Amino acid sequence: MTFALRLTLAALSAALLLGAAPARAQREGVAVGGNSGFTQLVPAGEIEQASRQQYSKMLQEAAAQKALAPASHPQLQRLRRIAQRVIPHAVAWNPRAKDWQWEVNLIGSNQINAFCMPGGKIAFYTGILDQLKLNDDEVAMIMGHEMAHALREHARERMGKSAATNIGASLLSNLLGLGDLGQTVAGLGVELINLRFGREDESEADLVGMELGARAGFDPRAGITLWQKMAAASKGAPPQWLSTHPAGATRIADMERTLPKVMPLYERARKS
């Protein structure tokens, strides 16, 4: 990257941060600040439309391979029961979530993997449930983590950064009127299903996911047992879900530090 382009991106970043949503007031639970200003470079509706299309295609392909669990599948029913408890707490993290058409599906595969695409499109693979023998609290921690990526708009942020890099200096003269930038971003061709996030995004999703689960009445301490199971499963080549996330020891330490902030939420939810 040239010095001029780095300078351009620095100026762009500063301008976007000025227009970003203000940081959240002091609140009970975890504090991770506002969403990145880079999300403003990508229309939310555009990325959510792409998500719906890619998710639908994935389900069609899974159905064609007889890998898509029917509504009567016990594990799918379990996932949807957990989601029904967690989803109501999503809107506090992103007002758009109240209008999302949430979906939860289960795909037959040995992969240890799960994800939530923009717009609330959730999928679990049977491998992560069967191989790790997850209890409901652990499932809720995974689900909350993946939902957090969508709520914090990490994919939208990543696409915004890519757009800024591709467009470069020519964008500076048009900072206050982004014009048809969204159409430019549409051509980036991001595959949302297999999108990988940075360490900071993953750590943030851990904390937000713990809060989501705790508010829904799931024990946030399950995040620790989950990663102990993940560490045991990572002998040899790490599972796909693990390979895109921070090291287990670091993750567990961060979760332990966060427990005092979310345990009161869990205890209150249990009594309600």
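The values are calculated or read from the model by the stated rules, or taken from the named source; none is laboratory data. Keep in mind that what you see is a predicted model, and the values were worked out from it rather than measured. We place every Cβ from the backbone using ideal geometry, glycine too, and count neighbours over all the protein chains shown. When the accessible area is computed, the model is the full protein with side chains, heavy atoms only, and any ligands, DNA or RNA have been set aside. Shrake-Rupley method; radii C 1.70, N 1.55, O 1.52, S 1.80 Å.
Residue by residue, here is whether (1) over 26 Å from residue 159 (Cβ atoms); (2) outside any loop (DSSP other than H, G, I, E, B) holds:
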{"position": "78", "(1), (2)": "yes, yes"}
{"position": "83", "(1), (2)": "no, yes"}
{"position": "86", "(1), (2)": "no, yes"}
{"position": "93", "(1), (2)": "no, no"}
{"position": "104", "(1), (2)": "no, yes"}
{"position": "112", "(1), (2)": "yes, no"}
{"position": "123", "(1), (2)": "no, yes"}
{"position": "129", "(1), (2)": "yes, yes"}
{"position": "137", "(1), (2)": "yes, yes"}
Can you tell me how many residues in segment 209-221 are open to solvent by less than 10 Å² (accessible area, probe 1.4 Å) and in contact with an Asp or Glu (Cβ under 6 Å, 6 or more places away or on another chain)?
1
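Go over the candidates 69, 62 one by one and state the one that is open to solvent by less than 60 Å² (accessible area, probe 1.4 Å), in contact with a Ser or Thr (Cβ under 8 Å, 6 or more places away or on another chain) and modelled with pLDDT of 95 or more.
Details: 62 fails: in contact with a Ser or Thr (Cβ under 8 Å, 6 or more places away or on another chain).
None of the others qualify; the one that does is 69.
Mind telling me which of the residues 37, 45 ends up being modelled with pLDDT under 85 and crowded, with 19+ Cβ neighbours inside 10 Å? Steps first, answer last, please.
Values: 45 fails: crowded, with 19+ Cβ neighbours inside 10 Å.
Every option except 37 fails the conditions.
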Where the second residue is polar (S, T, N, Q) and assigned to a loop (DSSP other than H, G, I, E, B) and the first is touching a residue at least 40 places away in the same chain (Cβ under 8 Å) and over 15 Å from residue 263 (Cβ atoms) and lies in segment 202-217, which pairs have Cβ atoms under 6 Å and are six or more apart or on separate chains?
none
Taking the condition at pLDDT 80 or above, in a loop (DSSP other than H, G, I, E, B) and not small (Gly, Ala, Ser), does residue 220 pass?
yes
Among (1) farther than 21 Å from residue 126 by Cβ; (2) at pLDDT below 90, which single condition is residue 230 missing?
(1)
Answer yes or no as to whether residue 198 is within 22 Å of residue 147 (Cβ to Cβ) and either touching a strand residue (DSSP E or B) at 6+ places or on another chain (Cβ under 6 Å) or at pLDDT 90 or above (or both).
no
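Residues are listed down the side, and each one gets a yes or a no for (1) free of Cβ contacts under 8 Å to residues at least 24 places away in the same chain; (2) touching a strand residue (DSSP E or B) at 6+ places or on another chain (Cβ under 7 Å):
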{"residue": "64", "(1), (2)": "yes, no"}
{"residue": "91", "(1), (2)": "yes, no"}
{"residue": "100", "(1), (2)": "no, no"}
{"residue": "113", "(1), (2)": "no, yes"}
Residues in segment 218-235 that are under 23 Å from residue 81 (Cα atoms), touching a residue at least 60 places away in the same chain (Cβ under 8 Å) and aliphatic (A, V, I, L, M): how many?
2
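Surrounded by fewer than 18 Cβ atoms within 10 Å (Cβ to Cβ), modelled with pLDDT of 75 or more and among the hydrophobic types (A, V, I, L, M, F, W, C): does that describe residue 21? Spell out the reasoning first.
Details: surrounded by fewer than 18 Cβ atoms within 10 Å (Cβ to Cβ): yes; modelled with pLDDT of 75 or more: no; among the hydrophobic types (A, V, I, L, M, F, W, C): yes.
When the stated conditions are applied, residue 21 does not pass them.
Let's see how each residue does on (1) closer than 16 Å to residue 251 by Cβ; (2) at pLDDT 75 or above:
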residue: 114; (1), (2): yes, yes
residue: 120; (1), (2): no, yes
residue: 165; (1), (2): no, no
residue: 177; (1), (2): no, no
Step by step: first the residues of segment 69-100, then only those that are out of contact with any Phe, Trp or Tyr (no Cβ under 8 Å at 6 or more places or on another chain) and among the basic types (Lys, Arg), then the one that is nearest to residue 34 (Cα to Cα). Which residue is that?
96
